[in-house]
Structures are given as structure tokens and as C-alpha cells.
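Right, one structure below, let's go through it.
Just so it is clear, none of the values below were taken in a lab; they were calculated from the coordinates. Predicted, not measured: the structure shown is a model, and the values here were computed from it. Cβ atoms come from the backbone with ideal geometry, glycine included; neighbour counts cover every protein chain shown.
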Amino acid sequence: MEKELLNLEGDIVSKIYVIRKQKVLLDSDLAALYGVETKVLKQAVRRNIKRFPTDFMFELSKEEFEDLKLQENLRSQNVTSSWGGNRYTPMAFTEHGVTMLSSVLKSDRAMDMNVRVVRVFAKMRQVLLANVNLQVEFEKIKRQTSNNTSNIELVFSYLDEFTAKQASNKPKTKIGYKKHS
């Protein structure tokens, strides 16, 4: 059971794209996960379009769709398209849009999958946050070593200056009284 959940999570993660600087799932992938036809999912969304503002769901432009098809073909290394004969550009759902889908699609499977998809998004956010924290710590260490490097260079330049003065100095004549023997 645990292995199946991990496989499912991996499958969900593999279907997440970054489009317009947002992590999204496409309508066809969500429909497959929810066990409904893409047409049914799109109809449900269009009937409840007020629930899906542009930060929840947007339709891909033709250029974005073409780029996505190229990415998918490269990812699968297949010549045949897995998109079928779509005449319409897909809808892309952000994490909030996926959450809103649970109020539009009423089946038990859709609700169950919805919870899993939202958990995957949450895990991804945690991983990214951990990476950001590591980057901040790395930058602190980098700044410290940079400061240390400049301080060490300064010490060496002072040493070079000092040794240059020592080498160029002639023996000084002593000032004061001389002892006569």
C-alpha cells in the first residue's frame, strides 16, 4: 500500500509543469487521475467559472501548448503524441485550482485524488522551502569566507610591505654618546 502511494505521488509529480512561473496540472492529467473524461472536467469548470479566477486556472496559449507538446515528446522520447487530437488548448490548474475542483467534481475518487494532489503540492513547497533555507545558509558562509579572504589578503600585503621596508633599510647610525675605550 505504501509503495502504491509513493508511485502515485511520483506519477502526480511527473505531471506537474511550470507554466507562467506557476506549478500547474493540466486538465487531461487531472481528468485521468480523477477517473473522468477531460470533456466532463472542462464542462464542470466552465459551468462554475466564477470559482476559477486566473490565479486558480488559466487556458494555455497556442504557443505554450506547442512548447508543452515538445517538452512532453522529449520527456517520453516518443514520436507519437500522447495528446491525441486535441482541438482546444488545455486548462492549467494551480494548487488552488485543484483544491477548487473538489467542490465541482463530486465523485469519491475525485475527492480522494484531490487530497493526494494537494498533499503533493504541499510536499513540493516544503522541499523548495528547505532548499531556500540551505541557500541562505550557504550565502552566509560564502560572505564570511569572502570577508576572511580579504582580511588574509590585507595581512599578507602588510607583511609584504614590512619585509620590503626591512630589506631596503640601511643600517642606521646610532645617535647618542659613544664609549671610548
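At a glance:
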quantity	calculated
Net charge, E153 excluded, C-beta distance under 13 Å - Lys, Arg +1, Asp, Glu -1	-2
Label point distance in nm, V13-E153, each placed 7 Å from Cα along Cα→Cβ	4.1 nm
Zone of V118's modelled label, taken as backbone nitrogen in the stretch 8-47 under 13 Å from a point 7 Å along Cα→Cβ	none
Under Karplus coefficients 6.51, -1.76 and 1.60, residue-wise ³J(HN,Hα) of the stretch 16-24 in Hz, glycine/proline x	8, 10, 9, 10, 6, 6, 10, 7, 9
